[in-house]
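Presented below is the structure to which this report refers.
The values are calculated or read from the model by the stated rules, or taken from the named source; none is laboratory data. Worth saying up front: this structure is predicted, and the values here are computed from it rather than measured. We place every Cβ from the backbone using ideal geometry, glycine too, and count neighbours over all the protein chains shown.
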Amino acid sequence: MRKRGAAIIPRNGGWCGVALSAREGKIADLRIIEKDDLSELRAEFADDGYGMAVDNGSGYLFMLTFPFSDKRRIKLVVGGELEERLPVSVDDLAIDFVETVKGSVLAAAVPKALTEGIAEDKRLRITTMQAVAVLHALRWLNVIYLGDFVFLHQNGTTMIVMGFKGDGLCYLRQFFHTPQSDALDEAISEIAADKTLSPRAYFLVSDSGDAQQIKQHLEVKFHIHVEMPSLRKVLMNEAAEDWLWPAVGTALLSIAPKGRLNLTGERHSAGLFLFTKTALYGSAALACAGIIMAVLFSLDHYFKESAYEYLVAEQNRLYRLSFPKSPPVREPVKMFREKIRLLDKNPGAIAVGANPLAVLNEISAGIGPDIDVKVSEFASDEKEFTMSGTTVSFASIEKIKAALEHMHGVSQVEMQNLDLAAGREVKFKIRGKL
């Protein structure tokens with residue numbers, strides 16, 4: 001029996017939708033629709049549910065590990081774990097997670113502003129990130145086989161690298177990628193140095209024009225074979241270009257979204273509990289479960305109390321971490337809102353607290369490609385930022401400083417530290433006012 005799926009993804013400032021039929025690892029009736037207006041594209045799927053995939057650069061992916069595998073307990077503490085890693089409050093993010101193996105979790109977070117407008121549509125079955133959708137498509141179409149492998153997905157200027165041991169995620173990095181960046185080489189080097197991971201294959205899917213150059217560079221430098229699966233060949237459809245991988249994967253996810261990474265929540269109506277022999281057994285099992293739950297209630301209450309105390313303490317810790325120069329406050333949430341309100345009054349300045357990844361991308365774009373520079377540390381608060389790293393000459397330092405001074409919202413850029421390191425590299429530390 002064929003099942004229908006559909007998906008919407010952003011494309012060149014507009015939107016692209018696909019509709020397909022899926023059955024036993026094969027896809028047919030692929031239909032591609034491109035529109036500038038999202039409401040017009042939704043109208044194309046008036047009779048079917050659909051999924052949506054956001055750009056990798058619009059959200060965050062994390063690999064988390066816990067000493068337990070109970071989903072309820074993970075749900076209690078996953079927000080606190082992400083608070084330590086995210087540059088914004090989890091209250092402003094839509095978050096979901098899936099457990100890949102016991103104790104190992106793949107978590108995703110995107111700004112609620114991206115999902116609130118579309119989550120009201122009852123036809124929307126799942127919202128995910130494009131890298132997750134592409135990986136699902138490769139597995140569903142049997143392009144990726146079981147065993148250790150590495151999956152690379154480039155979406156715009158954002159690269160995501162995942163390492164798998166069997167079905168379990170064991171490595172994850174997300175970063176901005178440019179031809180001048182060494183981040184991809186560092187990620188592959190880390191995987192090569194991990195003796196517990198022996199990838200049988202490397203898979204690269206990219207919507208960038210330099211994908212072939214990336215493949216050749218990795219193969220020459222690391223002596224590996226990188227496969228670039230062709231959607232045309234897999235589907236035997238000349239209209240299926242490689243940038244459609246995320247759309248195809250999201251459409252497949254929309255068919256069976258339960259248990260998947262879903263940033264708009266799972267939407268499934270439970271069937272009626274019919275009075276049958278099976279139902280009687282189920283009722284007896286529920287009665288036993290109720291007795292066990294009553295016995296374990298005190299233990300469950302203890303875990304909730306511990307999680308609550310932990311989260312309350314996190315508010316003050318996060319405030320001190322975000323605003324180290326501010327005095328202690330009694331109501332950190334109220335002060336956070338006040339400081340955000342003050343930042344909103346000056347929209348022209350660089351909003352480091354809003355999206356540090358975007359600020360680093362803006363700094364990277366402002367520094368010319370002729371300058372060889374490696375940033376090792378970047379820190380900021382609402383008043384200033386500091387950046388440390390290495391470059392090849394003192395002249396490059398002056399160019400970097402001049403580039404920062406010309407950035408909108410940055411003032412009083414000064415050199416805090418300048419030293420000649422081994423290999424004739426120049427170590428530096430720059431501070432700037434916001």
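Listing for the model above:
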| read-out | value |
| --- | --- |
| Top-ranked residue of the range 28-76 - restricted to ones that are of a type in the set (V, I, T) and within 24 Å of D92 (Cβ to Cβ), ranked as surrounded by the fewest Cβ atoms within 10 Å (Cβ to Cβ) | I74 |
| Given (1) of a type outside the set (S, T, Y); (2) under 29 Å from D300 (Cβ atoms); (3) free of Cβ contacts under 8 Å to residues at least 40 places away in the same chain, index of the condition L64 fails | (3) |
| Members of the range 71-114 found to be more than 24 Å from G166 (Cα to Cα) and hydroxyl-bearing (S, T, Y), listed by number | S89 |
| Hey, A113 free of Cβ contacts under 8 Å to residues at least 60 places away in the same chain, of a type outside the set (S, T, N, Q) and more than 19 Å from A256 (Cβ to Cβ) or not | yes |
| Test: L296 is modelled with pLDDT of 70 or more and in a loop (DSSP other than H, G, I, E, B) | no |
| Positions within the range 401-433 being surrounded by 15 or more Cβ atoms within 10 Å (Cβ to Cβ) and not in a strand (DSSP E or B), in sequence order | K401, A403, L404, M407, G409, V410, E425 |
| Set L82, L41, L64, L30: member being under 20 Å from N237 (Cβ atoms), among the hydrophobic types (A, V, I, L, M, F, W, C) and either touching a strand residue (DSSP E or B) at 6+ places or on another chain (Cβ under 7 Å) or assigned to a loop (DSSP other than H, G, I, E, B) (or both) | L30 |
| Flag for A192 being at pLDDT 90 or above and surrounded by fewer than 21 Cβ atoms within 10 Å (Cβ to Cβ) | yes |
| Residue satisfying condition, being loosely packed, with under 14 Cβ neighbours inside 10 Å, closer than 27 Å to A113 by Cβ and without any contact (Cβ under 8 Å) to a residue 24 or more places away in the chain, within set K258, K233 | K258 |
